[in-house]
Every structure is written in C-alpha cells, then in structure tokens.
Amino acid sequence: MPEADETLLYLVRHGATPANEQRPYVLQGHGIDTSLSDTGQRQAEAVAGFLADRPLDVVLSSPMKRARETAAAIAAPHGITPGVLEAISECDVGRWEGRDWGAIMEDDTEAYHLFMDDPGTHGYPEGESYADVLDRVGGPLDGVLAGHRGQTVAVVAHNIVNRVYVARLMGWPLSRAREIRQDNTGINVIRGRDDEITLMSFNVRFHLDDAGL
C-alpha cells in the first residue's frame, strides 16, 4: 500500500480487440470503438486476477469500449464502479485509421517516413502527433496522481497514450516513444509523491505469461 503522501498508479493498456489481432496489423485510433475480442477478454480476466489480491481504491478508464470493458474486469473483484477519464481516449490517427502499415507506406510515402522519423513532431495526417497526445493526456494523468494520495489507482488507457506518458517519465524524446512496448493489458507501475512522479516498472506482463497469452 502507498504511504499517506503517495499515490500508486497502475497504468494499463486495454485488452486486445479484433483490430489488434488482424494481420497485417491495422491502425486503431479513436475512430474505431470496438469491444474486446475473445483473446482480449481473457487478457482482461488475467490482469484482473493479477490485481485482485492487491489493494485497489479507484479504477478509471478511457471512454472507449475496449478500455471500459477491461476496467470493468479489473474493478469487479474489488467491488468498485469504474469512472471515466474523458481526456485519455486513444490518439486520432487521422486518415490512416483502419489501414495497415504496408498500404500506408505505399500510398502515403512521404508522410509515412516523416512520421517514422519523428512521431512527436510529424503526426498522423489529419490527426494528432505524439506531442498532441501528451499535451492532452499528461495533465489529467498527473492529476490522478496528485488527487489520490494514500490510494492505489488503476487507469486503463491505450497504446499511444501510455507510450507518450511513459516516455515523458523516462525522459525520452517523443521521437523514440514507438520503441516503448505496450502489450495488451501490460501494466506500467507509477508512483506519485510530492511533486515527483516515478516510473517503477513498465509493461509488466507476468499475468499474460502465466495464462499463456
């Protein structure tokens, strides 16, 4: 349990959706709002089981279905009703929504290379950059840490949301944020104390390995 002047945050990526499992992989931003796949539901149950024996006071999620369903699974063993944090919905991937990287590289070559070189500066065409996402989600996530002293909070968000926030805590430039792996239901453990926010571990996935997922 955290000390009275600390907040412990589990920042979790949602379980898998059909789009996450599609091959070739297709981009799923905030324009695709689907439920968890069967695998995603098993992942949600696995992370819920992993956190069931740990104290948990508050569960929050993105407003998107895949996050809300994962949050509901995590909250259930604790008798908590999850809240919604509107600001942490997934990145707007613009005109690349629902497209695979091969097709994007072929049809939108210049924008593809600009994005791959630095997604912090060169965002998704007609959508957000990584810097845009961090500007949107950084304050609300900091606010969760500041507003729940003495409590443990689980927040269920998304791949890019988690990547950019973790990158900031690691001191990495957003140009490198794509290197930060975020598996479906991977857990980032973050501690807030006074004005200091510390990343304790990232993409914890023991529950997935134990479940063969």
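Since every read-out is calculated from the coordinates, none of them should be taken as a lab result. Values in this document were obtained by computation on a predicted structure and should not be read as measured data. Counting neighbours? That spans all protein chains shown, and the Cβs are built from the backbone with ideal geometry, glycine included.
Think of it as helices only: each DSSP H run of n ≥ 4 in the chain is worth -39500 (n - 2.57), and spread over all residues that comes to -11000 deg cm²/dmol at 222 nm. Each of GLY40, LEU8, GLY143 was scored by the projection of its Cα onto the charge dipole of the range 1-146, and the greatest displacement toward the positive side belongs to GLY40; charges sit on the C-beta of Lys, Arg, Asp and Glu. Quick one: grab the alpha carbon gyration tensor of the range 132-213, order the square roots of its eigenvalues as a ≥ b ≥ c, and give me rounded if a/c is under 1.5, else prolate or oblate depending on whether a/b is larger than b/c. Since a/c reaches 1.5 but b/c is at least a/b, the shape of the range 132-213 is classed as oblate.
Normalised by the number of residues in the chain, the average gap of Cα pairs under 8 Å and 6 or more apart makes the relative contact order 32 percent. Just the number, please: Stokes-Einstein D of the range 115-173 in µm²/s, Kirkwood Rh from C-alpha pairs, 20 °C, 1.002 mPa s. Diffusion coefficient, whole number: 172 µm²/s.
Residue by residue, the range 151-165 carries 3J(HN,Hα) couplings of 10, 10, 10, 10, 10, 9, 10, 9, 3, 6, 3, 5, 4, 5, 5 Hz when phi is fed to the Karplus relation 6.51 cos²θ - 1.76 cosθ + 1.60 (θ = phi - 60°); x denotes Gly or Pro. A protection proxy built from the mean count of other Cβ atoms within 10 Å ranks the segments 193-205, 143-155, 7-19, most packed first, as 7-19, 143-155, 193-205. The Kirkwood radius of the chain, taken over pairs of alpha-carbon atoms, gives through the Stokes-Einstein law at 37 °C and 0.692 mPa s a diffusion coefficient of 190 µm² s⁻¹. Net charge dipole, the chain: roughly 480 debye, given to the nearest 20, about the Cα centre with Cβ charges of +1 for Lys and Arg and -1 for Asp and Glu.
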